[in-house]
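What follows is a single structure, written as structure tokens, with notes after it.
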Amino acid sequence: MVNSDLQNRAFLFGDAVWVSFYVRQNQLFLVEDSYFFLMSSMRKMRMHIPANYTLEYFENLFQTEFLNKNLQEGIIKMMIFRNSDNENLAKSSVSHFCEFIEKIDILSIEKNIEIDLIKEINVNNNLFSNIYTHSSENIYAEIYARENDLDDVIFLNPQKRVARSINGNFLFLTENDIKIPKTTEGAYISPLMEAFVTYLHKSNLVKILEVEMLAFESQKSEEILMISEAKGIFSVSKIRNKSFENKRFSEFLYNWKLSLQ
């Protein structure tokens, strides 16, 4: 059921999760990965999962709402929120809302971004850190970034190690290694990033390292990529006074797209 009433728990308490689905060349892309991530996110939030919330249900929904309208390339942002219809929250019904964000190419670098470390706040590395829920930290950091002419920030966890950005996860390339902060460090679970990393691993193009990483280590990287479930793929061009290239990551993404044809 779709509920547009603002008196719901998403509006009042941020009691919601969201997951991105992808459309590539007018076809759903990574739909099973995104669906299982949605189910996992709902279970972590102890939401009631309706019997009709099957993969086929969402495929038909997206076909009707978006694909049949000839939307070729983009991100479907799907929010599931809990309704206020039961005192036992675990048994409350849920509703959904989805919107389509058009992109030119979801598997290409959208633009170069400038980032910096934020020191005033950090992000946790607990059960809810890896899923997409209401985050006061993200709101604060987005305002901070705008006030400092930044596109995004590097969040640290309570142990002062790299966790994620406001919008997604970082991949740090040095020589033939790509370092990715572990999800236990506070990084998001990202079906889009995992698909890209799986391609790189199977192709033996680079060595993938899931790491615990101090902030200063980012300055040692040759290239940095940021993959966001909601916004797409971005290349980090600058952190403070250091600039970064994006040549190799661009090549990796181009070859990944070729492998999908």
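The values are calculated or read from the model by the stated rules, or taken from the named source; none is laboratory data. Here the structure is a predicted model, which means the values were calculated and not measured. All Cβ positions, even for glycine, are placed from backbone atoms using ideal geometry, and neighbour counts span all protein chains on display. Just so you know, the surface numbers come from the protein's heavy atoms only, side chains and all, with ligands and any DNA or RNA stripped out. Shrake-Rupley method; radii C 1.70, N 1.55, O 1.52, S 1.80 Å.
Could you check the range 22-44 and list, in sequence order, the residues that are closer than 25 Å to A90 by Cα, crowded, with 20+ Cβ neighbours inside 10 Å and in contact (Cβ under 8 Å) with a residue 40 or more places away in the chain? Listed by number, the residues that qualify are S34, F37, L38, S41, M42.
Restricting attention to the range 209-231, the residues being within 22 Å of F37 (Cβ to Cβ) and either in contact (Cβ under 8 Å) with a residue 60 or more places away in the chain or open to solvent by less than 10 Å² (accessible area, probe 1.4 Å) (or both) number 7.
Taken over the range 52-76, the criterion of being within 17 Å of F37 (Cα to Cα) and part of a loop (DSSP other than H, G, I, E, B) is satisfied by N52, Y53, T54. Within the range 232-245, if we keep just the residues that are at pLDDT 95 or above and either among the hydroxyl-bearing types (S, T, Y) or part of a loop (DSSP other than H, G, I, E, B) (or both), the residue that is surrounded by the fewest Cβ atoms within 10 Å (Cβ to Cβ) turns out to be S243.
Within the range 125-161, the set of residues being closer than 23 Å to E194 by Cβ, open to solvent by 50 Å² or more (accessible area, probe 1.4 Å), of a type outside the set (F, W, Y) and part of a loop (DSSP other than H, G, I, E, B) comprises N125, N126, L127.
Against the definition (open to solvent by 10 Å² or more (accessible area, probe 1.4 Å) and part of a strand (DSSP E or B)), how does F97 come out, yes or no? Here the answer is yes, as F97 does meet what is asked.
The condition of being in contact (Cβ under 8 Å) with a residue 60 or more places away in the chain and on the phi < 0 side of the Ramachandran plot holds for only one of S135, S165, that being S165.
Determine whether I113 is closer than 16 Å to N167 by Cα, in contact (Cβ under 8 Å) with a residue 12 or more places away in the chain and not in a loop (DSSP other than H, G, I, E, B). Yes; evaluated as a whole, the condition is true for this residue.
Okay, residues lined up against (1) modelled with pLDDT of 95 or more; (2) not polar (S, T, N, Q):
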site	(1), (2)
D85	no, yes
N138	yes, no
N157	yes, no
R161	yes, yes
I180	yes, yes
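Here is a list: E102, E110. Which entry is loosely packed, with under 15 Cβ neighbours inside 10 Å and closer than 30 Å to L253 by Cβ?
Numbers: E110 fails: loosely packed, with under 15 Cβ neighbours inside 10 Å.
Going through E102, E110 in turn, just one is loosely packed, with under 15 Cβ neighbours inside 10 Å and closer than 30 Å to L253 by Cβ: E102.
Among the residues making up the range 162-190, those that are open to solvent by 10 Å² or more (accessible area, probe 1.4 Å) and farther than 26 Å from S40 by Cα are T174, E175, N176, D177.
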